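The values are calculated or read from the model by the stated rules, or taken from the named source; none is laboratory data. These figures come from a predicted structure and were not determined experimentally. FYI the Cβ positions are ideal-geometry reconstructions off the backbone, even for glycines, and counts take in every protein chain you see.
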Amino acid sequence: MGCVTETEPGLSLNVLRKFKMLSLLFPRVIDNTYRGQRLGYWLLAPVLFLKIGIALASIFNPRGANQADAIDLSSFSTVALREEVTTTALLGLLHLAIGLFCVLAMVRYRAMTQLICLWLIAEFLGRRVVLSVYTIDRVDGPSSGSYVNLALAGLLATGFALSLWRRRGAPQ
């Protein structure tokens, strides 16, 4: 009753195996075997390098991070400025933890690469939705942070697509 086995109806490992893409996203065993195209794996490295760099900059220079996102801090009161800087540093810490977890998965658990790419794309799209609902007054003109994030999203999407394309000779 409680546990689904391969002989019972429902979503089982056999169903996942029938869909090659799903078997790459949710492998039976999370090991150090990467089954997608190699370029998809290596496109994740610069994305993580930049995300960790941005996270560290947000922690150690939150005012600079806000300027990169074109947020005008000059109109903030002292209390609001302190809250904004603290929030930016905490968000940087969160992104650092996510980035380090992804590096760990990339190095030790390569079978998770596709899932990590999907997770990072979902996080990026989620941020876009939240920022469209809660708009921020910005300095005139596009921010440099927007261009960097769009480039990272493009690299992630390309890497994700390539990682779902099973390499010839890759183990099942």
Filter pass, Phe26 being over 20 Å from the mean Cα position of the chain (by Cα), under 22 Å from Cys117 (Cα atoms) and either of a type in the set (Phe, Trp, Tyr) or at pLDDT below 80 (or both):
no
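Among the candidates Val129, Val139, single out the residue that is among the hydrophobic types (A, V, I, L, M, F, W, C), modelled with pLDDT of 90 or more and out of contact with any Lys or Arg (no Cβ under 9 Å at 6 or more places or on another chain).
Matching residue, one of Val129, Val139: Val129.
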Just wondering, is there one or more residues in segment 58-71 that are surrounded by 14 or more Cβ atoms within 10 Å (Cβ to Cβ), assigned to a helix (DSSP H, G or I), touching a Phe, Trp or Tyr at 6+ places or on another chain (Cβ under 8 Å) and of a type in the set (Val, Ile, Thr)?
no
Candidate set from segment 74-130 (those that are in contact with a helix residue (DSSP H, G or I) (Cβ under 7 Å, 6 or more places away or on another chain) and free of Cβ contacts under 8 Å to residues at least 24 places away in the same chain); member that is farthest from Val47 (Cα to Cα):
Phe76
